[in-house]
1. Which far-off residues, 5 or more places away or on another chain, put their amide H under 5 Å from the one on residue 604, with H placed in the peptide plane?
2. Can you check what the net charge comes to around residue 249, using other residues whose Cβ is under 11 Å from the Cβ of residue 249 (Lys, Arg +1; Asp, Glu -1)?
3. Of all the accessible heavy-atom surface of region 644-719, with the other protein chains kept in place and a 1.4 Å probe, what percent is carbon and sulfur?
4. Radius of gyration and Dmax for region 184-309's Cα atoms, expressed in Å?
5. If you stretched the chain out fully between residue 663 and residue 535, how much longer would it get, using 0.36 nm times the residue separation minus the C-alpha to C-alpha distance?
6. So, R0 is 41 Å and r is the distance between the beta-carbons of residue 191 and residue 221; what FRET efficiency does that work out to, to 0.05?
7. Round to a whole angstrom and tell me the spacing of the C-alpha centers of region 437-492 and region 153-216.
8. Before anything else, pin down the relative contact order of region 570-634: Cα pairs under 8 Å, at least 6 apart, normalised by residue count, whole percent.
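The values are calculated or read from the model by the stated rules, or taken from the named source; none is laboratory data. Keep in mind that this is a model prediction, so the values were computed, not measured. Here the Cβ positions follow ideal geometry from the backbone for every residue, glycine too, while neighbour counts run over all protein chains shown. SASA here: full protein model, heavy atoms, side chains in, ligands and nucleic acids out. Shrake-Rupley method; radii C 1.70, N 1.55, O 1.52, S 1.80 Å.
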Amino acid sequence: MIRQYELVAKVKKYNPDADVALLNRAYVFSMRAHGNQMRASGEPYLTHPLEVADLLTELHLDEETIATALLHDTIEDTLATYEEIEKICGKDVADMVEGVTKLSKIDFQDKNEHQAENYRKLFLAMSSDIRVLLVKLADRLHNMRTIEFKKKEESKRRIAKETMDIYIPLAHRIGLYKFKTELEDICFKTLYPEEYAKIVERIDFVVQQDDLVEKVIAHLKAELEKRDIKAEVSGRAKTPYSVWRKMINKNLTFDQLTDIVAYRITVDDMGKCYEVLGMIHSLYNALPGRFKDYISNPKPNGYQSLHTSVIGPFGNKEEIQIRTDHMHEIAESGVAAHWLYKQKNSTDKKQVTAGNQYEWLRNIIDGLQDAGSADEVLENTKMELFRDEVFIFTPSGDLISLPRGASGLDFAFAIHSEVGYKCKAIKVNSKFVPLRTELRNGNVVEIVTNNGVKPTKGWLSMVITSKAKNSINRYIKEQEFEVAINDGKSMLEKALKGKDVKLTDKLIKPLAEKYKWDEVDEVYKAISQGRVSTKSVIEFLFPEEVKPATEEETIEQLETGLSNRKGQKSNSKTGIEGLVDGLVVNISKCCNPIPGERIVGIITSGKGIAIHSRMCKNLTQYENDPERWLDVSWSSQRDDEQVYRTKLRMLLLNNKGVLSDLTNTIFNADVNIVDFNVETQNEDYYGVACEVELKDIEHFGYLMSKLRSINAVAKIERVQG
Ligand code: MN
């Protein structure tokens, strides 16, 4: 167990000016408050806050956060109050302790209706100060490290599941990979003890074989020295969880697991990386197809390294990664490296805490405040939290996260709706690209604005975020309404020429009342859209001048006007709007789009339109034929009974009854199975492909959540393109 003076020394090492008195006050207060309390492990309770504080020193956090860690359980578990803490450690620390306390009280295993409220509480608690989340994650990590002392199997599983569902995605989200990987392993061990044991056994077996790892390292070092290359060499087993994930993703059995150890060679400059690679490939036989150059082609998240696999010096398959020290830093902390860097270089701590790197958090919170029903909140939150996302940089280095599939135009609206409205052109990594270009992780995006730009309906097909969609819709509606009112007014003014009246709202009001419209503007709008003729208005205003039967005519016109508008573009059978008359519509079989996802129409050579998902890989072949692209969207007036097909591929643990569990779950989700195939089968897994019919993306999401809740389901993917 770490001691207080050791903790203080650690903080002083990275922050020589740290307020040591604050740390000591927090420590003494916590010690008194917890008194003789014990942990389940039999240790004094105080070890827990100390360990949590210690974990946070690894992240080089400020003394207020460390003090919060020391105090984090006092409000909840002792008689201590907010006021006492405020008096002793100040308002910021007291607020953070209260924030952690609120977070701890949330029960995520609750029924659905309460879940939404829980997520809301979670985000509100975090939004006040992101450091609250860091303390909570450290708290959870220490609790997971000591979870074996919990007596009840049931509560161990419950805590592990909650960690998997909530805290690991959050750790991932803020780039805390250090905490994330350890949490994953402990959860894996708790939830799947047998699989964990088997994998650990296998790893130990491979690693300990004749001290292979040490021998390989020594050998590599000697070869590097011979060539006068200064380099660090290390080798270590991959984590059990990552090995397990690999088994599932690649459908491997235990015996097929070989390259469990990864060797890493770090050098000080990029040229040396290739020099080392040359050495490795001249000494050993490379395995074909395993060399990857992520230095010339960095991964979307900025990861850089050379990867190769060879038959090593002792005849074993070895995976070797070669990178520079700087590349290593990024590989370990990813996006976090970016904001830690910013933090280091900012003089104002407060400003960084509220800075752009937490933009995603603020977006979630905004969403929570806007959304209507509790269910909606839950859906939004889950989407935001667990869906794949992309991290985009502004030219000044701020980080903005968007859902995967977001376009340059989405990015413009994410910055500000005014930037979106005036978005004229977009540069990705300094090159001009079309507004609809899908953004990739790590892109640097610059928006060129111009006051002359006006959003059009076509923009709706270029965006996927609700913020952009809502902004564009709002703009178009306002614009249309304004234009329509002006048009209607001038049409009416012309018609009234020669009459002895002036056009005022007061004059028109009785007409609005006749149609039961609240606003006089509605009359102008109806006139401009041809739903009400100027003739009928004149006849209404000056009834003495005309013969009867006016009213019927007007209403008739009104009705034709409406039905024209409706029937114009939508095709009720396919439920798709924006089609061209006379062309046959086909929902494309490669991607099987379903209502709710973004689609595009491709005019095919056979006088038809093929509807593809915007995500469909086949679309690349039409990239050079923009004239064949048609902006289409799902109609909001779809037939409720209409169903759409989509394909899934799954990997299932080969447990008893798993196939019938699966089909029952699908059936109970009110989803029709059209085709069901067991494609592969071995003693560990089934590979199943299945085609289903369902209503829309929401229905699909519901099905996925039900399928994921089956324990034996190791992997699900939708087959698209
Ligand atoms: Mn705690």
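1. 609, 610
2. On the way: positive: 245, 246, 250, 715; negative: 717.
So the surrounding residues net to +3.
3. On the way: 1660 of 3950 Å².
After summing per-atom areas, the C and S share lands at 42 percent.
4. 16.4, 48
5. Values: separation 128, 0.36 × 128 = 46.08 nm, distance 6.40 nm.
Length gained between residue 663 and residue 535: 39.7 nm.
6. Numbers: r = 39 Å, r/R0 = 0.96.
The value I calculate is 0.55.
7. 47
8. On the way: 102 pairs, mean separation 24.5, N = 65.
Computed value for region 570-634: 38 percent relative contact order.
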